[in-house]
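Worksheet: the structure to be examined is printed underneath.
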Amino acid sequence: YRSREKEAMLLRDLEYLQEMYPMEAKRYQKVIAEILNRLDYEGSVIYDEYPDKWQIYRLTQVVLDKLKQDGSAGQTEQDWDRTAEFVQVLLCGEIYKKRHMNQNGILKF
């Protein structure tokens, strides 16, 4: 019981801090969450014990493609390189959160 309270507190804390993300980061996070929700099934790459770096790179590219479709055009290639690095960091955080949540929305460790 005590563990569940701690897990719920950790989740609330994480979500609270994510609310402080800048607007652009929130937009990226929303796209990442949509993509990861489609990959939320047993046997998915996001649940591999040791996710492959290439798979993370590939998911990053999927997110970038979606962002480009949604109207982030006008960025230079250098801008997209920086955006890709930022998206990859957000993606890893969202995968971590997804991997440690059960169906009740509580982080599990």
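The values are calculated or read from the model by the stated rules, or taken from the named source; none is laboratory data. This structure is a prediction, so every number in the text was calculated from the model and none was measured. Counting neighbours? That spans all protein chains shown, and the Cβs are built from the backbone with ideal geometry, glycine included. Side chains included, ligands, DNA and RNA excluded: accessible areas come from the protein's heavy atoms. Shrake-Rupley method; radii C 1.70, N 1.55, O 1.52, S 1.80 Å.
Those residues that are out of contact with any Leu (no Cβ under 9 Å at 6 or more places or on another chain) and either free of Cβ contacts under 8 Å to residues at least 12 places away in the same chain or assigned to a helix (DSSP H, G or I) (or both), I need them from region 23-43; list them, please.
The answer is 23, 24, 26, 30, 33, 34, 37, 38, 41, 42, 43.
Please work out which one of (1) without any contact (Cβ under 8 Å) to a residue 40 or more places away in the chain; (2) under 25 Å from residue 19 (Cα atoms); (3) in a helix (DSSP H, G or I) is the condition residue 94 fails and give its number.
The number of the failed condition is (1).
Take the residues of region 66-80 that are modelled with pLDDT of 85 or more and open to solvent by 60 Å² or more (accessible area, probe 1.4 Å): which is farthest from residue 22 (Cα to Cα)?
Top of the filtered list is 69.
Here are 57, 50: which of them is over 17 Å from residue 100 (Cα atoms) and either over 11 Å from the mean Cα position of the chain (by Cα) or open to solvent by 40 Å² or more (accessible area, probe 1.4 Å) (or both)?
Among 57, 50, only 57 is over 17 Å from residue 100 (Cα atoms) and either over 11 Å from the mean Cα position of the chain (by Cα) or open to solvent by 40 Å² or more (accessible area, probe 1.4 Å) (or both).
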